[in-house]
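Engineer: Let me begin by handing over the structure; questions about it come next.
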Amino acid sequence: MSTVVFKKTEGLTDKTTHYCPGCTHGIIHRLVAESLEELGVLGDTIGVAPVGCAVLAYKYFKCDMHQAAHGRAPAVATGIKRARPENVVFTYQGDGDLASIGAAEIVHAAARGEKITTIFINNAIYGMTGGQMAPTTLIGQKAATAPLGRDPKLAGYPIKVSEMLATLEGAKFVERVSVDTPINVRKAKKAIKRAFEIQLSGEGFGIVEVLSTCPTNWGMSAIEALEWLRKNMMPKYPLGNLRDDNKGDN
Amino acid sequence: MNKVLMKGNEAIALAAIKAGCKCFFGYPITPQNEIPAFMSEELPKINGSFVQAESEVAAINMVYGAGGCGVRVMTSSSSPGIALKQEGISYLAGAEIPCFIVSVGRGGPGLGGIQPAQSDYFQATRGGGNGDYKVPVVAPNSIQEAIDWTYKAFDMADEYRTPVMMLIDGLIGQMMEPVSFENQSCKEFDRSGWATTGTKGKRDPHIINSLYLEPRDLEIHCLKLQAKFDLIRQKEVAWEEHNLEGAEIVAVAYGITSRIVKNSIEKLKEKGIKMGLIRPITLNPFPVEAFSNLPRSVKSLISIEMSLGQMVEDVKLASCGKYPVDFFGRTGGVIPTPEEIVNYIEKLVKEGK
Ligand SMILES: Cc1ncc(C[n+]2csc(CCOP(=O)(O)OP(=O)(O)O)c2C)c(N)n1
Ligand code: SF4
């Protein structure tokens, strides 16, 4: 007799993703899908895909989806949740999408305490358009539009989105995670699931910032990219929980 | 009929609720503030939702969210705010999301002013969003007509799965008239084939989307949108004709301006000048048919607007060079008086134009 020890989550479709080899977008998709499946809410979920490398996420998640304009996913999700409070609503957004063009939308969705969950992919770069500088690009990091490396005198400083959002009362759950090692993947999954639980309990807004790689635009192999993430991103964007108001309750 | 005295903006908001609108998303701007104020009070009473968004950009994207999951939804704004909504309107049209957008025009460009204007005719009928899309636009000239068209707009939005815009000006929004909400009904629509409501594990996911990476797929999608607009052109175009019999000159005016022009027509009669009026009610599609069978007596057309000449271009297109087309307009929030219109027409007639 054989037993099933691992099976693909019901939360993802059978479509082959278009992500580059070694890109961690795929792992994060799986964690979101598994969380929704395990919580038994897949059939109630409406997701919002961004503009960015995850623009086609609506083909990959096996739930109802909206594709949103660049940066507007939190506003779209607000509209969905207000219209259908009984549904589970999430946005999946990159750092250009969320922290640059959509900075107002994410801040106000969090401030209003919208009962939605945001999965925020921080890869310190604009992936889809070819490696331009993002608001999260590190000082000195090279990008297509910062060929000599990000110079704070010209381009200012990286935005720590989670720290910023954690100051807002409406944000009930804020955690930064990474998917660079199996242990971190497990932690990331736990955080994502918890963020959805916060939504299900009606507490308010939840966001999980996931440090992610972009081997293609960082100009590295998949392994080098993971190492670069650990060495350069983690010190600037420390992992950990920044907000979980009612943690003691369960 | 039971009539009540109501401000235009509030009457539109009430009609929307009676038409089944459950969600409103907006951002403050004069002269439309009565609409969100009314909605913030009334929607919670019917388990609806009102959100004062962080911007017009966010508001229109909230409309995209709520409309995509099959709920009747609206937003309202005024000139600079409608400018910001253009991105969202393009997405709404592309993803075929029914919704109702009220544009209460004020003077521009830029921050402009807050007095009534019609200088956003192009903004409404052409739109500033990207891509091959068209949005139906209606322009009532009374509060009663605004109410009637609010019901119709919601039905049209659902029937054709499109955003529908109502373009009024600050005057119609702010003035009061006796109106009735009787004899109105809204149709039932089945949205279960496309709206995002959650699959419940029983069907394939529904996707609200405007992205088509294959050129041929996008072309097919745009052709479908175009065919839909052609159907709207066949079935929904509306206009009013007034005093055309024996008219030598026909004015074309919409919204509040058409009422001023009607005054001028009476005054011109006393001076022996016969002027008629074509009043487009749908601005998009434009009532081209109205210009095809004008009485023989008609020698020329004149577009009269509270702008420096926008609809006049459609009048020229619609009349296909059959008539000389003149223009009279005031802008910036200045409302033309019947007298100045009369003077202008008299001068035209004297010059033999
Ligand atoms: C209004 C608008 N501006 C610009 C673009 C072009 N654009 C597409 S994807 C993208 C960058 C997305 O980067 P990010 O959010 O960091 O996601 P990633 O691709 O890295 O996953 C940009 C600028 C657009 N589609 N719409
Ligand atoms: S460009 Fe970067 S972020 Fe986009 S799929 Fe490729 S590796 Fe991933």
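The values are calculated or read from the model by the stated rules, or taken from the named source; none is laboratory data. Because the structure is predicted, anything quoted here is derived from the model rather than measured. Note: ideal-geometry Cβ built from the backbone for every residue, glycine included; neighbour counts use all protein chains shown. The protein model used for the area step is the full one, side chains on, heavy atoms only, and it has no ligands, DNA or RNA in it. Shrake-Rupley method; radii C 1.70, N 1.55, O 1.52, S 1.80 Å.
Engineer: For the list (1) part of a loop (DSSP other than H, G, I, E, B); (2) farther than 23 Å from B:Ile89 by Cα; (3) open to solvent by 40 Å² or more (accessible area, probe 1.4 Å); (4) not β-branched (Val, Ile, Thr), I need the number of the one condition that B:Glu241 fails.
Structural biologist: The one condition B:Glu241 does not meet is (1).
Engineer: What number of residues within segment A:214-250 satisfy the criterion of being basic (Lys, Arg) and loosely packed, with under 13 Cβ neighbours inside 10 Å? Don't jump to the end; show me each part of the working.
Structural biologist: If we filter segment A:214-250 for residues that are basic (Lys, Arg), which is where we start, we get A:230-231, A:236, A:243, A:247.
Restricting the remaining residues to those that are loosely packed, with under 13 Cβ neighbours inside 10 Å gives A:231, A:247.
Counting residues in segment A:214-250 that are basic (Lys, Arg) and loosely packed, with under 13 Cβ neighbours inside 10 Å gives 2.
Engineer: Across segment A:69-94, what is the number of residues that are at the interface with chain B (Cβ under 7 Å from one of its Cβ atoms) and within 12 Å of B:Gly65 (Cα to Cα)? First the steps, then the outcome.
Structural biologist: Narrowing segment A:69-94 to residues at the interface with chain B (Cβ under 7 Å from one of its Cβ atoms): A:69, A:72, A:75-80, A:82-84, A:87.
Narrowing the set further to residues that are within 12 Å of B:Gly65 (Cα to Cα) leaves A:69, A:72, A:75-80, A:82-84.
Total satisfying the criteria: 11.
Engineer: Identify the residue in segment A:109-130 that is near ligand 1 (Cβ under 10 Å from one of its atoms) and surrounded by fewer than 21 Cβ atoms within 10 Å (Cβ to Cβ) and, among all such residues, is farthest from A:Val76 (Cα to Cα). Step through it out loud before you land on a result.
Structural biologist: Here is the first cut: in segment A:109-130, the ones near ligand 1 (Cβ under 10 Å from one of its atoms) are A:120-130.
If we keep only those that are surrounded by fewer than 21 Cβ atoms within 10 Å (Cβ to Cβ) as well, we get A:128-130.
Values: A:Met128: 21, A:Thr129: 23, A:Gly130: 26 Å.
Checking each candidate, the answer is A:Gly130.
Engineer: Has segment A:170-193 got any residue that is out of contact with any strand residue (DSSP E or B) (no Cβ under 7 Å at 6 or more places or on another chain), on the phi < 0 side of the Ramachandran plot, at pLDDT below 95 and more than 16 Å from ligand 1 (Cβ to nearest atom)?
Structural biologist: No - not one qualifying residue is present in segment A:170-193.
Engineer: Among the residues of segment A:82-105, write down those that are away from ligand 2 (no atom under 16 Å from the Cβ) and touching a residue at least 60 places away in the same chain (Cβ under 8 Å).
Structural biologist: Passing the criteria: A:Val88, A:Val89, A:Phe90.
Engineer: Can you tell me how many residues in segment A:14-59 are among the β-branched types (Val, Ile, Thr), within 30 Å of A:Gln132 (Cβ to Cβ) and open to solvent by less than 30 Å² (accessible area, probe 1.4 Å)?
Structural biologist: As a first pass, look at segment A:14-59 and keep what is among the β-branched types (Val, Ile, Thr): A:16-17, A:24, A:27-28, A:32, A:41, A:45-46, A:48, A:51, A:55.
Okay, now just the ones that are also within 30 Å of A:Gln132 (Cβ to Cβ), so A:16-17, A:24, A:27-28, A:32, A:48, A:51, A:55.
Right, trim to open to solvent by less than 30 Å² (accessible area, probe 1.4 Å) and you get A:24, A:28, A:32, A:48, A:55.
Number satisfying all stated conditions: 5.
Engineer: Next up: Answer yes or no: is there a residue in segment A:66-73 that is of a type outside the set (A, V, I, L, M) and within 16 Å of ligand 2 (Cβ to nearest atom).
Structural biologist: First, pick out the residues of segment A:66-73 that are of a type outside the set (A, V, I, L, M): A:66-67, A:70-72.
Adding the requirement that they be within 16 Å of ligand 2 (Cβ to nearest atom) leaves A:70.
Scanning segment A:66-73 turns up at least one residue that is of a type outside the set (A, V, I, L, M) and within 16 Å of ligand 2 (Cβ to nearest atom).
Engineer: Counting residues that are under 24 Å from B:Thr197 (Cα atoms), which strands (runs of 3 or more DSSP E) fully inside segment B:50-169 reach at least 3?
Structural biologist: On the way: elements: B:73-77, B:99-105, B:163-169.
Fully inside segment B:50-169 and qualifying: B:73-77, B:99-105.
Engineer: If you don't mind, there's one more thing I want to ask. All but one of (1) more than 12 Å from every other protein chain (Cβ to nearest Cβ); (2) assigned to a loop (DSSP other than H, G, I, E, B); (3) more than 14 Å from A:Trp218 (Cβ to Cβ); (4) open to solvent by less than 20 Å² (accessible area, probe 1.4 Å) hold for A:Ile159; state the number of the condition that does not hold.
Structural biologist: The one condition A:Ile159 does not meet is (4).
Engineer: Return the residues of segment B:84-102 that are within 12 Å of B:Glu56 (Cα to Cα), within 16 Å of the chain's Cα centre (by Cα) and open to solvent by less than 10 Å² (accessible area, probe 1.4 Å); say none if nothing qualifies.
Structural biologist: From segment B:84-102, those within 12 Å of B:Glu56 (Cα to Cα) are B:84-89, B:101; that's our starting set.
Cutting the leftovers down to within 16 Å of the chain's Cα centre (by Cα) gives us B:85-86, B:89, B:101.
Selection gives B:Lys85, B:Ile89, B:Ile101.
Engineer: Now, a different point. Within segment A:44-59, track down each residue that is part of a strand (DSSP E or B), more than 7 Å from every other protein chain (Cβ to nearest Cβ) and more than 12 Å from the chain's Cα centre (by Cα). Let's see the steps before the verdict.
Structural biologist: Of all residues in segment A:44-59, those part of a strand (DSSP E or B) come to A:45-49.
Restricting the remaining residues to those that are more than 7 Å from every other protein chain (Cβ to nearest Cβ) gives A:47-49.
Result: A:Gly47, single match.
Engineer: Something else: Quick one: B:Phe38 ticks every box in (1) assigned to a helix (DSSP H, G or I); (2) within 11 Å of another protein chain (Cβ to nearest Cβ); (3) aromatic (Phe, Trp, Tyr) bar one, so which box is it?
Structural biologist: Failing condition for B:Phe38: (2).
Engineer: Given the conditions (1) more than 24 Å from B:Ala59 (Cα to Cα); (2) more than 16 Å from ligand 2 (Cβ to nearest atom); (3) touching a residue at least 24 places away in the same chain (Cβ under 8 Å), which single one is not true for A:Gly149?
Structural biologist: The failed condition is (3).
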